[in-house]
1. Using a Förster distance of 30 angstrom, determine the FRET efficiency expected from the C-beta separation of residue 126 and residue 216, and round it to 0.05.
2. For residue 232 and residue 54, FRET efficiency with R0 = 51 Å and r from the beta-carbon atoms, rounded to 0.05?
3. Around residue 121, under 14 Å between beta carbons, what's the net of Lys plus Arg minus Asp minus Glu among the other residues?
4. Between the alpha-carbon centers of segment 104-136 and segment 246-273, tell me the distance in whole angstrom.
Amino acid sequence: MAGQAADVTIGAPSVPREGSTFEIGRDRGLPTLGIRELWTARGLFGFLFWRDIKVRYAQTVLGIAWVVLQPLTTTLVFALVFGRLAHLPSDGAAYPAFAFIGLIVWTFFSSAVAGAGSSLVEETALLKKVYFPRLFIPLAPVAVALFDAAIALFILAPALVVIAPPPRLVPVFAVPLFLLIAVAACVGVGAALAALNLRYRDFRYVIPFLLQGWMFVSPIAYPTSMVPAAYRALYALNPLVGAVEGCRWALLGTPAPTVGMLGASAISAAAMFAVGTLYFRWSERTLVDVA
């Protein structure tokens, strides 16, 4: 009947009857990731991802070449400063290749976290228009950063073979597993920062400092072997340790990361993912109110 309220599950493919009124209320239970809801609206995620790709390279002279130039130029600087001048070790690999692999992972991580952290503030108009799984908003920059990293690695793979031993087939297939550690960490951190940044706008100043400090405590310019043995277990709680050292082992043949190192990085990344995404889902109840 007209004016009668009916309960509806958000994201369910139901069609309202004529004259019915539907009320969308806040979920007062414990937050969940909402896998079914995300899967049902997966088409929207594809739209957001493709939109961000087009906006990223629209009206640029070099276009997608920027995904190669950024890690390549930084690799040259690292090779000169840390390889030639500081003589930092590289676990037996050529230092340019050593630094390049680390920078590919780091560029992905930093771009994903920075993009996800500012995503809700940039999409406040969209938040107020219609309901959809808001987790898609910080997830889209992560997917774009991962796309950029894959393109850069694919384009520069021939140069990598020239300055480094040919990669072995079996370890190469493990690269996505190592990158998954970094992906889980940046999704959790990025989602949490997105919610915090929308509520407390001064977090936009915190994110650059956070990323700058994170780079120095990650094995980008130096190997994990330089860290004193007594602190390596604690150091491995940084998810980028397992991701970077694993990728270097797979692509350059450097010493393999220990099971303990990979385990600590994977557990830490899983914890960041769980805490960050669940905090985002909990904050999602009031996102529109603070946008």
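Every number in this text was worked out from the coordinates using simple rules, so none of it is lab data. This structure is a prediction, so every number in the text was calculated from the model and none was measured. Note: ideal-geometry Cβ built from the backbone for every residue, glycine included; neighbour counts use all protein chains shown.
1. Approximately 0.25, to the nearest 0.05.
2. Working from the Cβ atoms, E equals 0.75.
3. Overall, the nearby charge balance is +2.
4. Cα centroid of segment 104-136 versus Cα centroid of segment 246-273: 26 Å apart.
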